[in-house]
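What follows is a short report on a single structure.
The values are calculated or read from the model by the stated rules, or taken from the named source; none is laboratory data. These numbers come from a predicted model, not from an experiment. We place every Cβ from the backbone using ideal geometry, glycine too, and count neighbours over all the protein chains shown.
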């Protein structure tokens, strides 16, 4: 089998169907995800372990394949004919190789992504800590890419990204954009983040806050005159703040509370909801830091942040239920999906 040609045809299938993911695994036919639904390519022959090794040979260098066999999992990025990029993960299940690809959308504008204009205003800030959060596959990286592009297109700044792997590729415009991939360009997130202090950075985008050391260094960077953008796999703003603080030992938590209260710009939590007309559309929650929020963080009252968001719409904050109900009223999503994605269905019911 010509594995290069076969893999490219499978990727083309995802692109032509406006899909998001490609699933390959020994012992079954390939599958693609379209508008959130998994669809098996029943007409395609069942893949073998030999096929999976052949695909790996087209994706990874021999050294990385050896490392994959040793570690039994690997993250990677895949360039498709210079026209599209995919991020991927290879892993074993029951001794068989599986590979999952995610199509990385091209860098899009805030308008194209149906994101609130206030995110562009936040991207123009000179310093602070801003997080985009949500479950896996909800468009966090795509939202950050739109924010980076606002800076790149408008301001002369030194932007450094630390990613695992690199997803969106930026063409420098008014800014310098340096993209560093963990495992290739740097040892790990924390090492690269510390190094960035010596690289005259203005903006740093950290693909994911994975440990307390990275979080502490990122918050310090935000305190010392840099704009820091990153992601976390959390559900909403209050949970995000708790997750950050709880990742530190007890004797360090008061310090990180104080630093976070002072440096946080905001937290944007998003979900991609199936549209009635097809495709996906974002619903979101936006917390903006102000004196009230900072006090709640310092005073260990993060459970009250949800109320601040609900009552802070005049200052630009957005409650997820209000975002969902607006999409229902606009005929974009069904009421059933609004309930399914709401974190507070009783609160949603009061808005109907």
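A few notes on this one:
- Considering the conditions (1) more than 24 Å from the chain's Cα centre (by Cα); (2) in a helix (DSSP H, G or I), residue 277 is excluded by exactly one of them, (2).
- Scan of the stretch 147-169 for residues that are part of a helix (DSSP H, G or I), more than 20 Å from residue 197 (Cβ to Cβ) and in contact with a helix residue (DSSP H, G or I) (Cβ under 8 Å, 6 or more places away or on another chain), ordered by number: 147, 150
Table: residues versus (1) touching a residue at least 40 places away in the same chain (Cβ under 8 Å); (2) more than 15 Å from the chain's Cα centre (by Cα).
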site: 58; (1), (2): yes, yes
site: 64; (1), (2): no, yes
site: 91; (1), (2): no, yes
site: 97; (1), (2): yes, yes
site: 103; (1), (2): yes, no
site: 106; (1), (2): yes, no
site: 118; (1), (2): yes, yes
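- Matching residues in the stretch 15-48 - criterion: being modelled with pLDDT under 95 and within 20 Å of residue 81 (Cα to Cα): 15, 16, 17, 18, 19, 20
- A single member of 181, 208 is part of a loop (DSSP other than H, G, I, E, B), under 21 Å from the mean Cα position of the chain (by Cα) and at pLDDT below 95, and it is 208.
- In the stretch 323-341, the condition of being farther than 12 Å from residue 236 by Cβ, free of Cβ contacts under 8 Å to residues at least 40 places away in the same chain and part of a loop (DSSP other than H, G, I, E, B) is met by at least one residue.
- Residues in the stretch 323-340 that are in contact with a strand residue (DSSP E or B) (Cβ under 9 Å, 6 or more places away or on another chain) and closer than 21 Å to residue 118 by Cβ: 5 in all.
- Options 42, 84, 74, 26; residue that is surrounded by 13 or more Cβ atoms within 10 Å (Cβ to Cβ), without any contact (Cβ under 8 Å) to a residue 24 or more places away in the chain and not assigned by TED's automatic domain parsing to the domain that holds residue 165: 74
- Number of positions in the stretch 61-96 that are outside any helix (DSSP H, G or I) and more than 22 Å from residue 15 (Cβ to Cβ): 10
- Filtered residue count, the stretch 186-206, keeping only those that are surrounded by fewer than 20 Cβ atoms within 10 Å (Cβ to Cβ) and farther than 22 Å from residue 124 by Cα: 7
- Scan of the stretch 313-322 for residues that are more than 25 Å from the chain's Cα centre (by Cα) and touching a residue at least 12 places away in the same chain (Cβ under 8 Å), ordered by number: 315
- Some residue of the stretch 298-309 being assigned by TED's automatic domain parsing to the domain that holds residue 340, within 17 Å of residue 343 (Cα to Cα) and in contact with a strand residue (DSSP E or B) (Cβ under 6 Å, 6 or more places away or on another chain): yes
- All conditions but one from (1) closer than 28 Å to residue 35 by Cβ; (2) at pLDDT 95 or above; (3) over 13 Å from the mean Cα position of the chain (by Cα); (4) in the same structural domain as residue 265 (by TED's automatic domain parsing) apply to residue 169; the one that does not is (2).
- Residues that are out of contact with any helix residue (DSSP H, G or I) (no Cβ under 9 Å at 6 or more places or on another chain) and assigned by TED's automatic domain parsing to the domain that holds residue 159 do occur in the stretch 200-216, at least one of them.
- Qualifying residues in the stretch 97-119 (those that are modelled with pLDDT of 95 or more, part of a strand (DSSP E or B) and in contact with a helix residue (DSSP H, G or I) (Cβ under 9 Å, 6 or more places away or on another chain)) - the one nearest to residue 288 (Cα to Cα): 101
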